[in-house]
1. Condition (residue is surrounded by 19 or more Cβ atoms within 10 Å (Cβ to Cβ), over 17 Å from GLU15 (Cα atoms) and modelled with pLDDT of 90 or more) applied to region 44-60: is it met by at least one residue?
2. Assess whether VAL14 counts as being in contact (Cβ under 8 Å) with a residue 40 or more places away in the chain, open to solvent by less than 40 Å² (accessible area, probe 1.4 Å), more than 21 Å from LEU169 (Cβ to Cβ) and of a type in the set (A, V, I, L, M, F, W, C).
3. Can you confirm whether region 116-126 contains a residue that is open to solvent by 40 Å² or more (accessible area, probe 1.4 Å), within 22 Å of ARG23 (Cα to Cα) and out of contact with any helix residue (DSSP H, G or I) (no Cβ under 8 Å at 6 or more places or on another chain)?
4. Any residue at all in region 163-181 that's open to solvent by 50 Å² or more (accessible area, probe 1.4 Å), in contact with a Leu (Cβ under 9 Å, 6 or more places away or on another chain) and not polar (S, T, N, Q)?
5. May I ask you to verify whether GLY78 is touching an Asp or Glu at 6+ places or on another chain (Cβ under 9 Å), farther than 15 Å from SER162 by Cα, of a type in the set (Gly, Ala, Ser) and modelled with pLDDT under 90?
Amino acid sequence: MGRLPSAQRRRQLVEAAIRVMTRDGVAQTTTRSICAEAGVSLSVFHYCFESKQALVEAVMHTITAHSVTPVAEHLRPGRDVHESVVAALRTYWDHVRAHPAEHMLTYELTQYALRRPGFAYLAERQYEQYAAANRQLLDQLCAELDLVPVVPAETLVRYLTSVIDGLTLNYLVLGGGQEAAAVLDTLAEHLVGQVRPRAAAEERAGDDSAVAG
């Protein structure tokens, strides 16, 4: 293959790793099998990644981006809050239903990292990334629709992350797409109830201050 910039080679290897891990399992995946999938030599792998930990972290980051990036496109100024939240959640869910094996891989990566000496920090980073992605979406929702959360943002982010993570695993184990969609609709209703227009929140805060005074 021709020479490519290192960033492009890294993306090529990460996508190859995702395909091999999804097909063969994380524990059975080797750098050699990844290179064979990507059509590159082992020297290219070692040039792009200093360790297998670095590759696993890149895989975790990329898989999250696969499902999160399309979601952000549904948060647009002027759109109804409930409509935006429902569209965002359903976009994520469409990705789960279209790529169940990839989402199953995320849980396998978590267990692999937790059980392998020296890799546990990757599982922590994985869930930190989930939270960061959801925090970014929440911040974007609030900024573009001029909203503020009525509970601490970190609490709302952890709640959202936990529900989505649990619902995804539940679906992968039990199936039931319609039931899962109904849970998402309930989550959307609850999330909408945890934000309000900034002007209304400021007015309420002013009223509370007046009462306290």
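The values are calculated or read from the model by the stated rules, or taken from the named source; none is laboratory data. Since this is a predicted model, take the numbers as computed values, not measurements. No Cβ is skipped: glycine too gets one built from the backbone with ideal geometry, and neighbour counts run over all protein chains shown. The accessibility values were calculated without ligands, DNA or RNA, using every heavy atom of the protein model including side chains. Shrake-Rupley method; radii C 1.70, N 1.55, O 1.52, S 1.80 Å.
1. For region 44-60, residues surrounded by 19 or more Cβ atoms within 10 Å (Cβ to Cβ), over 17 Å from GLU15 (Cα atoms) and modelled with pLDDT of 90 or more: absent.
2. Yes.
3. Yes: region 116-126 contains one or more residues that are open to solvent by 40 Å² or more (accessible area, probe 1.4 Å), within 22 Å of ARG23 (Cα to Cα) and out of contact with any helix residue (DSSP H, G or I) (no Cβ under 8 Å at 6 or more places or on another chain).
4. Within region 163-181, none of the residues are open to solvent by 50 Å² or more (accessible area, probe 1.4 Å), in contact with a Leu (Cβ under 9 Å, 6 or more places away or on another chain) and not polar (S, T, N, Q).
5. Details: touching an Asp or Glu at 6+ places or on another chain (Cβ under 9 Å): yes; farther than 15 Å from SER162 by Cα: yes; of a type in the set (Gly, Ala, Ser): yes; modelled with pLDDT under 90: yes.
So GLY78 fits the description; yes.
For every residue, the table says whether it meets (1) out of contact with any helix residue (DSSP H, G or I) (no Cβ under 8 Å at 6 or more places or on another chain); (2) under 19 Å from ALA87 (Cβ atoms).
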| residue | (1), (2) |
| --- | --- |
| ARG158 | no, no |
| THR168 | no, yes |
| VAL173 | yes, no |
| GLY193 | yes, yes |
